[in-house]
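The values are calculated or read from the model by the stated rules, or taken from the named source; none is laboratory data. Not measured: the values here are computed from a predicted model. Glycine gets a Cβ as well: all are built from the backbone with ideal geometry, and neighbour counts include every protein chain shown. These accessible areas exclude ligands, DNA and RNA; they are computed on the full protein's heavy atoms, side chains included. Shrake-Rupley method; radii C 1.70, N 1.55, O 1.52, S 1.80 Å.
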Amino acid sequence: MKTENPKSPPAAETIPDISFELLNQARDGMVIIDDHNTILYANPAAEALWGYDPGTLVGRPVGQLLAASVGNGNLPVTVEAQALEPVAAEITFENRSGDYVSAEISLTAARLGKGKRTYRLMMVHGITGAGHRSRVMELQNTVFRSLSSEVQIPDVADMVCREVEVLVPNTVAVLIQLDEQNRLRILSGPGMPRRFAAALEEMRLTDADIAALATDLGEATTIVWDSYRSVGISLGLHHCWASAIRTRNGRITGIFALYSRSERNRGEWPAHIVSSCVPFCGVLIEQHEARQHISQLSNYDPLTGFLNRTAVHKVIRSLIGQPGDNHFALYMIDIDRFRDINDALGHINGDGFLKSVSERLKGISRSNYILSRSGSNEFLIIVPNTRQEDALKFAQRLHECVKQPIEIGGNMIVPTLGIGISLFPENGPDGESLLSYAEQAMRYAKRSGLGMTHLARSEDNKAAQDRLLLGSALRESLAQGLLNLHYQPQIDVRNNTLYGVEALSRWNHPTLGNIYPSRFIAVAEETGQIEAIGTWSLERAVQQILEWDAHGIYVPTVAVNLSAGHFRNRNLPGFIARLLSDSNLEPHRLTVEITESVMMTENEDTNMVLQAIRNLGVALSMDDFGTGYSSLSRLTRLPLTEIKIDRSFIMNLEHDANAQAVTTAVIGIGGRLGMTVVTEGVETVRQLELLCHLGCDVVQGYLFARPMTPQKLEEWIREGSLQAVLQKAQEECKIAPAG
């Protein structure tokens, strides 16, 4: 029933005057509904929320109000008349002006009158600006929680866009990153039409565009909408609200935009949402850039931009694992007489020369070729789908591409290359064999003269035979006790005292001579003897501590490196516990070093073994941190007490900003996680000064001492060699003494 006078609806006769006035003047919407779902009364606040003129809601079915609700499911207002339980919901609806309104709706019912008819009171509380800010703040908190977990940045960005599309229904949200070439790259836009996304990614901003955005963030709407309005409208997009994203130092890093599918203008709410989301969208982009940079440092050579040694090994394994008739050629390339260039012109000019050569190699390589810098002046190129004849032709092209002189340090130098080629599958079924064949072929080429190529042949490569010979000799040497440990001091730069020593295996065979650790450790891993070496190292190191104690030499702790295989052995903690008990050695004087491969193969057994070792009171150190595929989330789950920065970062610490950035980051991570940070490979006073300035805890390297026999270490300690080195360092660089 519809009435012309909103002040005297049929239900008003049963409502006391004072109650009616309270309803009429209430700031929240009040709607009374009869048992036929017809509106008997609506106060001015309800009429304003839905955008109706005074008195025009009475007599309408309540479903007309709720039909405009979007993305909220159905509000249960058409329940049976006998149901009296209260219900509540939060909905967003479109009012008659086309604006979206978010509101909390509650419904109560009562049976009134002689006939006990059921009437319902619907109370509508519009969510104010404070309520909207609360919802945006909740989204922001969700973003920051996600960033502290293992969730990938694009996934977090997708979540932000979807949540914003709920806050402003019938819209499409998109987060755009600005790359180093000022091109737009869509980081997230789940609902964005592909054609429109492709159009945006074809854009490259000019310096004038960047300047305009820096002056007015709202100019982003001009960039991502005005030029593409016709395309957007053809795809069902009618309005756009956008803002540029600016870092604290003023750099424009991206754009956050919201497109409406409705032809009606939605007022100020969408623009408010966009501006509220810009700060944490900026954090997302910064985190994305940081993770990309870390990935770049972990997998790519900073000088050439080629893959590093670790990354290219993974690529080789992937290529070998491809199904079908798979062939490829592996080129190991060494620059002839590069040492002479370095010695004559210096390392900076040497780096410039390497970069010029690498650019030429890249210039003749197709997009599907894999390029790597595998050593100081060595490169790897992998050419897919290549057999012997084509492999030799490409080698000739490699020689031709470097024939033109390169100007370095005022000198014109013509580079030549020594090239070794191995072929898959002809030269081996695995990456180790292919690399070994290629390296032997390259060395054969260099022995033959300058600018030569050699194709690997089975008779030229004796690596397999060498492994067999060394493996047998190593087994015999272990049985006869021919291995020994040398010890390298670790210095606590916080108080300029001896922190401990690292135990390093050495092997001097009676007939084979001195075998480098890198060689016999690799053989030990391949022949299954690495665990025996680790067990022997633990026993010998503990025995050595006791001998030093007996001689009046106090070494606080000895670090012993164990391979990944040890930590899959559940008996390892028991072995260490018995070793400590039998020797009556305090657990804190033993440190077990693990490699990043342990982190990568982390499983239940490994975690249990590590935790059991730590529960003994033995320290756990992550060796060579940063050289593999470390995960910070895994790092926090391991019971570590130390992380060791690999010497490869310290080599260029004085001149390489990237090395300094990584070192700073690792020291910061270690500090925040409560771990001691140990840095290997310190060889110069300047490196020591930088590390002290960065807040490193412990250092080791040739600056203090090379690895020594136990007797030499005793002499080093008794003679006060440490204090002499520190005194000299203080004099040279004015390093402040501890305390």
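Express the relative contact order of the stretch 467-734 as a whole percentage, based on alpha carbon pairs under 8 Å and six or more residues apart in sequence.
Once normalised by length, the contact order is 18 percent.
Considering only beta bridges that DSSP places wholly inside the chain, some 80 percent are antiparallel. When the Cα atoms of the stretch 222-332 are aligned to their principal axes, the ranges along those axes come out at 63, 39, 20 Å in descending order. Against the criterion of solvent-accessible heavy-atom surface with a 1.4 angstrom probe, 568, 366 sort, most first, into 366, 568. Overall, the stretch 131-298 carries a charge dipole of about 280 debye about its Cα centre when +1 sits on the Cβ of Lys and Arg and -1 on the Cβ of Asp and Glu, all other atoms neutral. Count Lys and Arg as plus one, Asp and Glu as minus one, and take only other residues whose Cβ is under 14 Å from that of residue 362; the net charge is then +3.
Taking a ≥ b ≥ c as the square roots of the Cα gyration tensor eigenvalues, the stretch 383-456 comes out prolate, since a/c reaches at least 1.5 and a/b is larger than b/c.
Residue 325 exposes around 120 Å² of accessible area when a 1.4 Å probe is run over every protein chain in place. A helix-only calculation puts the chain at -13500 deg cm²/dmol for mean residue ellipticity at 222 nm, using -39500 (n - 2.57) for each DSSP H run of at least four residues, averaged over all residues. Across the stretch 543-691, the mean sequence separation of Cα contacts (distance under 8 Å, 6 or more residues apart), normalised by length, yields a relative contact order of 18 percent. Taking all protein chains together and a 1.4 Å probe, the residues 586, 407, 47 rank 407, 586, 47 from largest to smallest accessible area.
Taking 8 Å as the Cα distance limit and 6 or more residues as the minimum spacing, I'd like the relative contact order of the chain as a percentage.
Answer for the chain is 6 percent.
For residue 608, the accessible surface of its heavy atoms amounts to roughly 80 Å² (probe 1.4 Å, protein chains only, rounded to the nearest 10). With all pairs of different C-alpha atoms in the average, the Kirkwood value for the hydrodynamic radius of the stretch 321-456 is 15.2 Å. Distant-in-sequence amide contacts of residue 51, defined by a placed amide H-H separation under 5 Å and a gap of 5 or more residues or a different chain, comprise 96. In the assembled protein chains, residue 314 presents an accessible area of approximately 110 Å² (probe radius 1.4 Å). Computed over the stretch 131-298, the alpha-carbon pair-distance distribution with 10 angstrom bins reads 10, 41, 37, 11, 1, each value a whole percent. Computed about its Cα centre, the charge dipole of the chain is approximately 740 debye, with only Lys, Arg, Asp and Glu carrying charge at their Cβ. Accessible surface ranking for 119, 259, 1.4 angstrom probe, highest first: 119, 259. Within the chain, the selection of entire DSSP H helices by a Cα span of 15 Å or greater along the long axis and an average Kyte-Doolittle value of at least -0.5 returns 129-147, 153-167, 269-299, 309-320, 463-480, 530-550, 572-583, 657-672, 721-733. About its Cα centre, the dipole of the stretch 467-734 is roughly 180 debye, where the only charges are +1 on Lys and Arg Cβ and -1 on Asp and Glu Cβ.
Among the listed pairs 362/644; 446/712; 446/644; 362/393; 314/403; 355/728, a Cα-Cα separation exceeding 28 Å is found for 362/644; 446/712; 446/644; 314/403; 355/728. Residue 538 sits among other residues whose Cβ lies under 13 Å from its own Cβ, and their net charge, with Lys and Arg +1 and Asp and Glu -1, is -1. Pick out, from 302, 166, 192, the residue whose Cα sits farthest towards the positive end of the charge dipole of the chain, with +1 on the Cβ of Lys and Arg and -1 on the Cβ of Asp and Glu. Working it through, the farthest residue towards the positive pole turns out to be 192.
In this entry, the stretch 467-734 is assigned a mean projected area of 14.5 nm², taken as a quarter of its C-alpha convex hull surface.
Within straight-line reach of residue 114, meaning a Cα separation under 19 Å, sit the following aspartates and glutamates at least 8 residues removed in sequence or on another chain: 13, 34, 35.
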